[in-house]
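Chemist: Supplied in structure tokens, the structure appears directly below.
The values are calculated or read from the model by the stated rules, or taken from the named source; none is laboratory data. Just so it is clear, the structure is predicted and the values come from calculations on it, not from any experiment. Methodologically, a virtual Cβ is constructed for each residue, glycine included, from the backbone with ideal geometry; neighbour enumeration extends over all protein chains shown.
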């Protein structure tokens, strides 16, 4: 059964944070480099995607812990595995190898868990991050017209990554943590091109992040304007991740759920970071804040972002058991245009 068909039947649980789990291993610079990259000039600590090559057993173990906690969907460890972000580490020539390894590790773990529980299929989605550049905003306050990257350059980088993810066997591409809608549109276009090159169709999932309490993305759009800008893509799902804790995310999630004609996902942080940059919200507290999402029919996919662990994901299991999935909205067939805000005619 496909991911789309499964979503029609029940609410699915997505995994939690990868970075939080990696931090628990207290890896050193040498651990990140491994023997292969021992002599590279640029520090690699924090380059989590590189661990798919240097510490694959750790990535596999993290995937396995989330699956054992009850996750139906796991994300590949490939959030930064395109040449724009990898250039910061001098690893831009490893894109194919990084993504191949990320898919292989996740696919092996998901398929092994499906064999153990054939009644409950497990899925793999290819994590595609926003990159470290923005196509809508100038990084130079003296020159508002300046752009650090072009739309075409972004598309090229995304296509390179996505072709490998698709060929590797992901069930969907998850374009996540969208802070700039133009970046997301480049990723959506890249996904369609990558499918042509790979000779294989796959689902597209999209997840934005809200920048402030006004409910806008970093590039300034309201969520309704964001939806109007991307609804043409025929996505499997749209949703929110990162942004806030589950309690604070709810009104913005409802705004999106009231609009979306596709499935809706949410994977909030474990609360807001404390003064030390750590996340304190317990699995029990987070589950209590997520419960209304499910009771009010706001989501089809629920998971966790920054600060969440397998314990947080395990706390979702009783919430989704037997719960009815959200029914996508019907398209009202009106013309919707968007700049920073939506105009519906």
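Chemist: Take the stretch 256-276 and flag every residue that is in contact (Cβ under 8 Å) with a residue 12 or more places away in the chain and either on the phi > 0 side of the Ramachandran plot or out of contact with any strand residue (DSSP E or B) (no Cβ under 8 Å at 6 or more places or on another chain) (or both).
Modeler: Correct list: 258, 259, 261, 271.
So that you can scan it fast, the table gives a plain yes or no per residue for (1) out of contact with any helix residue (DSSP H, G or I) (no Cβ under 9 Å at 6 or more places or on another chain); (2) farther than 21 Å from residue 169 by Cβ:
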site: 9; (1), (2): yes, yes
site: 39; (1), (2): no, yes
site: 56; (1), (2): no, no
site: 79; (1), (2): no, no
site: 95; (1), (2): no, no
site: 107; (1), (2): no, no
site: 110; (1), (2): no, no
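Chemist: Hey, can you tell me all the residues within the stretch 294-312 that are touching a strand residue (DSSP E or B) at 6+ places or on another chain (Cβ under 6 Å) and either loosely packed, with under 12 Cβ neighbours inside 10 Å or not in a strand (DSSP E or B) (or both)?
Modeler: The answer is 299, 300, 303, 304, 305, 306, 307.
Chemist: Would you confirm, using the coordinates I've provided, whether residue 287 is in a strand (DSSP E or B), touching a helix residue (DSSP H, G or I) at 6+ places or on another chain (Cβ under 8 Å), within 28 Å of residue 63 (Cβ to Cβ) and at pLDDT 95 or above?
Modeler: No, not satisfied.
Chemist: So, one more: Might you let me know whether the stretch 210-223 holds any residue that is assigned to a strand (DSSP E or B) and either on the phi > 0 side of the Ramachandran plot or touching a residue at least 24 places away in the same chain (Cβ under 8 Å) (or both)?
Modeler: yes
Chemist: Tell me the residue from 204, 197 that is part of a strand (DSSP E or B), more than 18 Å from residue 77 (Cβ to Cβ) and touching a helix residue (DSSP H, G or I) at 6+ places or on another chain (Cβ under 8 Å), please.
Modeler: The match here is 204.
Chemist: If you don't mind, another one. I want to confirm something. Restricting to the stretch 65-100 and keeping residues that are free of Cβ contacts under 8 Å to residues at least 60 places away in the same chain, over 18 Å from the mean Cα position of the chain (by Cα) and in a helix (DSSP H, G or I), which single residue is surrounded by the fewest Cβ atoms within 10 Å (Cβ to Cβ)?
Modeler: Looking at the filtered set, the residue picked out is 93.
Chemist: Can you tell me which of 100, 61, 92 is farther than 23 Å from residue 132 by Cβ and modelled with pLDDT of 95 or more?
Modeler: 61
Chemist: Considering only the stretch 174-194, how many residues are in a helix (DSSP H, G or I) and in contact with a helix residue (DSSP H, G or I) (Cβ under 8 Å, 6 or more places away or on another chain)?
Modeler: Summing the residues that are in a helix (DSSP H, G or I) and in contact with a helix residue (DSSP H, G or I) (Cβ under 8 Å, 6 or more places away or on another chain) in the stretch 174-194 gives 13.
Chemist: Looking at the stretch 28-52, I want the residues that are within 15 Å of residue 78 (Cα to Cα) and have a partner that is at pLDDT below 95 with Cβ atoms under 7 Å, at least 6 apart or on another chain. Which pairs are those?
Modeler: Final answer for the pair search is 48/19.
Yes/no per residue for (1) part of a strand (DSSP E or B); (2) within 18 Å of the chain's Cα centre (by Cα); (3) over 20 Å from residue 320 (Cα atoms):
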| position | (1), (2), (3) |
| --- | --- |
| 4 | no, yes, no |
| 20 | no, yes, yes |
| 26 | no, no, yes |
| 38 | no, no, yes |
| 49 | no, yes, yes |
| 58 | no, no, yes |
| 61 | no, no, yes |
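Chemist: Does the stretch 255-271 include one or more residues that are more than 23 Å from residue 328 (Cα to Cα) and part of a loop (DSSP other than H, G, I, E, B)?
Modeler: yes
Chemist: Out of all the residues in the stretch 139-154, is one or more under 22 Å from residue 96 (Cβ atoms) and assigned to a loop (DSSP other than H, G, I, E, B)?
Modeler: Within the stretch 139-154, one or more residues are under 22 Å from residue 96 (Cβ atoms) and assigned to a loop (DSSP other than H, G, I, E, B).
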